[in-house]
Structures are given as C-alpha cells and as structure tokens.
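Below: one structure, written as structure tokens.
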Amino acid sequence: MLTTSPGDFLAARAQLPPLRNPRTTARAAFLVAPAANELAAESARDNHYMDMAAGFDTARALIQHAALARALRDDLPVISFPGDPDTPDAMFPNNVFGTAPGRLVVGAMRHPVRQREAARADIRGFFRDVLGREEIDLTQRDDCVAELTGSLVIDHARGIGYCGLGERCNMAGARALHETFSLRISYCFQLAAGEYHTNVVMTSLAGRAVILATDGFADPAVPHAIARAFDDRVVWLTPEQKRAYAGNAITLADDRVWMSARAAASLAPEQRASLAAWGFRIGTVELDEIEKAGGSLRCCVGEIF
C-alpha cells in the first residue's frame, strides 16, 4: 500500500508480517566516473547543496572517485562505467539507474542534463543484455518525475519505501517507484523547502537503524514516525551535520556504514557510539571535490540487487 500520513503508515507498519530471509544490502555496486570540467548549472536550480562558486577540479574528483571504488570493494564487487563530459551529474548514478531482483529501473529525471544520462545505451545494455534484467523505463511515463533512490530510501529488511516528494519526485513518480521496486508499503511525504532528495536527509542502515535530519522534512511528525518504524534506533542529525552530508550514507555490508570523510568528521562521540552499539563500523573516503556537485558518497553508488 501507499500512504501519506504518519498514523496510517505506522498502523500499516504494525500489521506487516516479517519478510523471510530478506537481503538487506546489495550484491554488487556500480559507479560512473566524473568526466566534466564544470558543474551542471541546470541542477543547481533546485539543488542548494551545490557549490557553484567553487572551481571544479576534474582530475582531483577522478582520484577521489577511484579511491571510493577501491574502498567499497572490501564489502562487495564494484563496477565502474566511464563518464561523459556532456552529463556532469552522471557521477551520481543512483538517481537514474536502479535495480530490483531481475529488473533494471530507469528513472524519469526532472532536468534535461540528467535526462541525457538515462539514454546511455551502454549502461542499459549491460544490465539488459549481460545481466539479463528486465528493463522498466520510467522515462516513457509522461506524468512521472521519479529520481529513483535519490527520492526513495528503501528499507530492504521490511520491503518499505520512504519517498520524499518535491521537484525531483511527484506522486505519480512515487506510485511508479512503489510498483517497480515491488515494495510492500511506501510512505510518501513532502520534503522541506530547499531539499531535493530524500537520501541527503535519511539513511536506512541495513534495516536495523536509521539516520535522520528532522529539518529535511516539511512535517516534523514524519521523521518521528520513521524513527518509530526503526524502533527508535536513530542517529538524529543537526542542520550542520546534514549539510556535511552525514545523511548521505549507505550500508553495503551488514557491519559497516559508508560516508564521506567530511560527514564522518561531523559526527559527535555519542552518535559514533550508537552506531557501534548497533553493530556498524564507519568507513570513510575523502570526497570533498565531488561534494561540490551537490551529492556525496551514497549518491555515487548504484546498488545491484
């Protein structure tokens, strides 16, 4: 079911039977290398995390991106695709390409600069022809804006999707995501003004805990309902920590959460202690050059389920 109120969501969550042997983290990951010499001005219209005043050093971004690929392969296999100078946001592929078992999902992007990414024949061909995935192309739905796992944070342990509505995902997009990712419940809510993606204000930690930034949600009741769904195992972020991308994290193994070095440095000792108590080490990679483009470590990682 798809729900839009905290009360309805928690009632549905309480009645949800457990999944049998769910896979809570991806089988592999894919990245797309930086290639452009400048940031995407179109994206900056609604991504206020972008630092358009700073120069972008592509060579430095490439070095950091390669270090990210090397680090993540300690947890799972990693595939890297080449970048394209005409698609400067392509280093954030999880917004455009997503997977569910047996499926490749192609997102319906808001901006033309990102719509060009969705047309890449090599990435589509890899999943369709090499991995044998069914291709579900949301770009063919005229009423749909759906930027995949930028807008949608999935708790794979329970089959629940948390979908932030705004300029990068509308309700038609939320319905499409609910269907194509085969979710049992999707909780849809408005992001706060100025927030472009859910995955900068929320991280599901392998279904066992959650990172939340209260000020990223239009209604403060929403993150508190989400916290209850995770049995109040929550790392609550300050606005400054959110801005440092501490909410843009990912679990690729059951015992480690990955975030940028800047994000990890922003965490308080008690937050680190909570993560450790819940069974998570913190893995970090320096990504300050890439973060100028308005995303961080989680945005760089496409998951293969």
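Please treat every number below as a calculation from the coordinates, not as lab data. Bear in mind that the values here come from a model prediction, so they are computed numbers and not experimental data. No Cβ is skipped: glycine too gets one built from the backbone with ideal geometry, and neighbour counts run over all protein chains shown.
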Item to check | 5 angstrom amide H check on residue 81, placed H, neighbours 5+ away | outcome: 31, 32, 33
Checklist outcome for this item: The size of the Cβ-based charge dipole (Lys, Arg +1; Asp, Glu -1) of the chain about the Cα centre, to the nearest 20 debye, is 860 debye
Item to check | Charge dipole (the chain, unit charges on Cβ, about Cα centre) - positive-most of 32, 53, 111 | outcome: 32
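Looking at region 193-258, which trypsin sites (Lys or Arg not before Pro) are DSSP coil and have at most 15 other C-beta atoms within 10 Å of their C-beta?
On the way: sites: 208, 228, 233, 242, 243, 256; in loops: 208, 233.
Qualifying residues, ordered by number: 233.
From the Cα gyration tensor of region 201-255, with a ≥ b ≥ c the square roots of its eigenvalues, which class applies: rounded if a/c is under 1.5, or else prolate if a/b is larger than b/c, or else oblate? Don't skip to the end; give the middle numbers.
On the way: a/c = 2.41, a/b = 1.18, b/c = 2.05.
Oblate, because a/c is 1.5 or more while a/b does not exceed b/c.
Could you give the size of the charge dipole of region 165-299 about its Cα centre, using +1 on the Cβ of each K and R and -1 on the Cβ of each D and E, expressed in debye and rounded to the nearest 20?
Computed about the Cα centre, the dipole is about 220 debye.
Peptides 13-19, 292-298: what's the order by average Cβ count within 10 Å, highest mean first?
Working: 13-19: 11.4, 292-298: 25.7.
My ranking of the peptides, most packed first, is 292-298, 13-19.
Sort region 2-48 into rounded, prolate or oblate with this rule: let a ≥ b ≥ c be the square roots of the eigenvalues of the Cα gyration tensor; rounded if a/c is under 1.5, and if a/c is not under 1.5, prolate when a/b is larger than b/c, oblate otherwise. If you can, show how the numbers build up before the last one.
Values: a/c = 7.49, a/b = 1.69, b/c = 4.44.
Since a/c reaches 1.5 but b/c is at least a/b, the shape of region 2-48 is classed as oblate.
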Next on the checklist: Quick check: from the Cα gyration tensor, does region 70-109 come out rounded (a/c under 1.5), prolate or oblate?
Outcome noted: oblate
Checklist entry - For 84, 142, what ranking results if the residue with the fewest other Cβ atoms within 10 Å of its Cβ goes first? => result 142, 84
Checklist entry - With labels modelled as points extended 7 Å from the Cα through the Cβ direction, what inter-label distance (nm, one decimal) is found for residue 265 paired with residue 193? => result 3.2 nm
Checklist entry - Tell me, how many Å apart are the Cα centres for region 135-213 and for region 253-305? => result 20 Å
Next on the checklist: If the only charges are +1 at each Lys and Arg Cβ and -1 at each Asp and Glu Cβ, what is the size of the charge dipole of region 216-263 around the Cα centre, to the nearest 20 debye?
Outcome noted: 200 debye
Next on the checklist: Nearest 5 percent is fine: what portion of the DSSP beta bridges confined to the chain is antiparallel?
Outcome noted: 50 percent
Item to check | Residue-averaged 222 nm ellipticity for the chain, from DSSP H runs of 4+ at -39500 (n - 2.57), nearest 500 | outcome: -7500 deg cm²/dmol
Item to check | FRET efficiency estimate (nearest 0.05) - Cβ-Cβ, residue 121 to residue 172, R0 35 angstrom | outcome: 0.85
